[in-house]
Amino acid sequence: QPAPLVPIASVKQSEAAVRARRVITQQSGDRIQLDGSMPLLNCGGFDFLNMGSEPRIKAAAKKALEKYGCGSCGPRGFYGSIDIHEALEERFAAFMHAERAIAFSDASSCATSTIAAFAKRGDLLVIDQAISEPLKTGCVLSRANVLAYKHNDADDLLRILKAVAHDDLKKNRKPASQRRFIVTEAIFRDGADVAPLKDIIDLKQKFGYRLILDEALSFGVLGPNGKGLHEAQGIPISAIDATLIDLGPALGSVGGLCLGSVEVIEHQRLSGAGYCFSAAAPPFVSACALEALDILQSQ
C-alpha cells in the first residue's frame, strides 16, 4: 500500500473541525445568525466599512448582473476581459495616483502571482518573517533565495542588507546581477501591527532594492483619503514598486489589485500566472468595487 496522504491525527482533527463548524444562515451588516441562532455581533468578519450590506452596492451588483450575466467565463488575457474590468483598473490607478493597475479575481492569487512574476531562481527576496501565507507562497513559487528579518525590525533589516552587500564584495558580485526585493505588509494580518514603512523605504533606496508592499488591510482604513499606509505616512506611491490591494476588507467585494509603473503592470499581463490562467472576476464583483470606491471617495 502507498504511504498515507495525511497523518491519521490530521484526519481526526479535520473531522473534529467539520463537526464544530458553524454556518452563517443570515447576515445583515455586522449582525449574523449561525445555524438559525439569534442575531449575533460578528467580530470575526473582514467587512471593515460595512460595504457588504450597503444598498448602493447591492443595486450596482444587480444592474451588472442584468447587463453582463454572472460569470466572465474566461481568463483576462484571452477572452475574459470585460469593459468593467478595465474601468476598475483605470479608476483605482487614478485614485491611488499610480501609473497603472492590474486586477485579479482573487486577492491571495494577486499577492502570490505578483511576487512570482518578477522574482526568479537566483534572485533575492528579503521578507518580514511575519508576512501572510499568500506572500510566503509567492516566495516559494518564485524559487528565489529568501532571507527573513525580524518582524517590523528595521535594524535587523539593515543588518541583512549590509550582510548581502558584504557578500557582494567578497564574491566580486555586482548587485545588479540579481533582482532584489523587500516584501512586507502594511498592516500585518496575523498581528494587526503596522510596518515601519519610512525606514524600509530609506533602506531599499540606499541599497538598491525594490519594494513589494501588501496594503490589503490598510487600504480604505489608513490615510486621510483611505489610500493606505503610504498615504498615512506621507510617502508617494511611486516610491513603492508594487502595491497590493484586497477589494474585500474595505470595499465589500472580491479580488485584488496590483498598482505600479507601466513596466510592472504590463509585464504581469503575460507573466502573472494569477492573471493569465485564472478566470476573470465576475463583472458584478467589479461593479461592487467601483460603487464602493465612489462611496469611499464621497464619504
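Residue-wise test of (1) buried (at least 18 other Cβ atoms within 10 Å of the Cβ); (2) touching a Lys or Arg at 6+ places or on another chain (Cβ under 8 Å); (3) not basic (Lys, Arg).
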{"position": "70", "(1), (2), (3)": "no, no, yes"}
{"position": "91", "(1), (2), (3)": "no, no, no"}
{"position": "99", "(1), (2), (3)": "no, no, yes"}
{"position": "131", "(1), (2), (3)": "yes, no, yes"}
Residues of region 33-56 classified as part of a strand (DSSP E or B) and open to solvent by 60 Å² or more (accessible area, probe 1.4 Å), total: 2
From the options 194, 146, 183, residue that is among the β-branched types (Val, Ile, Thr), touching a residue at least 60 places away in the same chain (Cβ under 8 Å), closer than 27 Å to residue 228 by Cβ and open to solvent by less than 80 Å² (accessible area, probe 1.4 Å): 183
Pairs with Cβ under 6 Å, 6+ apart, first in region 16-42 and closer than 24 Å to residue 58 by Cα, second of a type in the set (A, V, I, L, M, F, W, C) and open to solvent by 80 Å² or more (accessible area, probe 1.4 Å): 32/24
Residue list for region 64-81, filter: within 28 Å of residue 269 (Cβ to Cβ) and either outside any loop (DSSP other than H, G, I, E, B) or among the hydrophobic types (A, V, I, L, M, F, W, C) (or both): 64, 65, 67, 68, 70, 73, 75, 76, 77, 78, 79, 80
Residue pairs meeting the criteria (Cβ under 9 Å; at least 6 apart or on separate chains; first over 15 Å from residue 275 (Cβ atoms), in region 241-258; second crowded, with 24+ Cβ neighbours inside 10 Å and among the acidic types (Asp, Glu)): 243/214; 243/215; 246/214; 246/215
Matching residues in region 85-121 - criterion: being of a type in the set (D, E, K, R) and outside any helix (DSSP H, G or I): 99, 100, 106, 120, 121
Test: residue in region 290-297 that is within 17 Å of the chain's Cα centre (by Cα) and β-branched (Val, Ile, Thr): no
Candidates 9, 59 - the one that is open to solvent by less than 90 Å² (accessible area, probe 1.4 Å), assigned to a helix (DSSP H, G or I) and under 30 Å from residue 294 (Cα atoms): 59
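The values are calculated or read from the model by the stated rules, or taken from the named source; none is laboratory data. Quick caveat, the model's predicted, so the values are computed rather than measured. Glycine also receives a Cβ, built like all others from the backbone with ideal geometry; neighbour counts cover every protein chain displayed. These area figures cover heavy atoms from the full protein model, side chains too; ligands, DNA and RNA do not enter into them. Shrake-Rupley method; radii C 1.70, N 1.55, O 1.52, S 1.80 Å.
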